[in-house]
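One structure is given here, and the rest of the page talks about it.
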Amino acid sequence: MDFKKNKIVCPPHYVRQQCGLAKRCGRGFSIIELIVCASIIAIMSVLVIANFKGSTQRGALNNETERLATIIREAHIDALIGLTVNGVRPAGGFGVYLSKCTANCSYALFANQADQDGNYDYEYDHAVNDALVQQIGMLDSHVYIDNVVPGNALNIIFIPPYGTIYFNGSDSIDEVTVTLGYQQTQYKKNIIISRLTGKIDVQ
C-alpha cells in the first residue's frame, strides 16, 4: 500500500503500527494523567517552599548565635584594652549577662563596678551599681535562649588587665554552654566558653 497516495486517518487510541510508528494519533492527555502531573507539581512546590523556609530559619539562628558570640568577645577585648566608661576604667572589668527565655529575648553588655562598700561580686546587678553599656535584643524574634549550662542565667565577666574570666561570680567553673534555638523547630546552636583558654566556640 502506498501511504503517500492513500492518506490513512487513525482513529483515537489506535496505534499506527502499520505506518511503522509507535505513537498514537488523535489522542490528548487523560484526566488521570493531568491529575498525576498536577500532584507531582504540587508536591515539588511544597518541598521547595519547606526547604527555603528551613534555610531562612537556620540562617537567622546562625546570625543571632554569631552576634551573641561577638558581643562576648567584645567584652573580653574591652577588658584587655582597658576601655573607659564615663572616663573611668572599670576595675571589675566588662561582662555579658543573659538568661533563659522563650520570647522577646535580650542580653546585656555591662561594666562591672564596685558596690557601696567597694566590693565586686562579678555579677550583673541590673544597673544598680554596674554600668549598662548596651542592651541587645534579638533581630529575629523567633530566636530564643533555650538553655544555659550551668544554671538558668549566666554572668560572664572579664577582669583586666589579663582578661581573667569569672562565670556567675566564680573562678572555679571551667566551661559554660549557651544554647540558642528557633521557635517551633528543632534547630539549635551552641556557644561554648572556656575559662581556662578564653576560647569562645560556636557549634
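Below is a table of values for the structure above.
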quantity: Positions within region 120-157 being out of contact with any Ser or Thr (no Cβ under 9 Å at 6 or more places or on another chain) and under 19 Å from Ile77 (Cβ atoms), in sequence order; calculated: Tyr124, Asp130, Ala131, Leu132, Val133, Gln134, Asn155, Ile156
quantity: Single match in Asp78, Asp121, Asp130 (criterion: surrounded by 16 or more Cβ atoms within 10 Å (Cβ to Cβ), acidic (Asp, Glu) and at pLDDT below 90); calculated: Asp121
quantity: Matching residues, region 172-203, being over 15 Å from His76 (Cβ atoms) and more than 15 Å from the chain's Cα centre (by Cα); calculated: Ser172, Ile173, Asp174, Glu175, Thr177
quantity: Complete set of residues in region 133-143 that are exposed (fewer than 15 other Cβ atoms within 10 Å of the Cβ) and either touching a Pro at 6+ places or on another chain (Cβ under 6 Å) or of a type in the set (A, V, I, L, M, F, W, C) (or both); calculated: Leu139
quantity: Qualifying residue in region 150-159 (condition: closer than 15 Å to Thr65 by Cα and either in contact with a helix residue (DSSP H, G or I) (Cβ under 8 Å, 6 or more places away or on another chain) or not β-branched (Val, Ile, Thr) (or both)); calculated: no
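The values are calculated or read from the model by the stated rules, or taken from the named source; none is laboratory data. Only a predicted model underlies this, so the values are computations on that prediction, with no experimental measurement involved. Quick reminder, even Gly has a Cβ in these numbers, built from the backbone with ideal geometry, and neighbours come from all protein chains shown.
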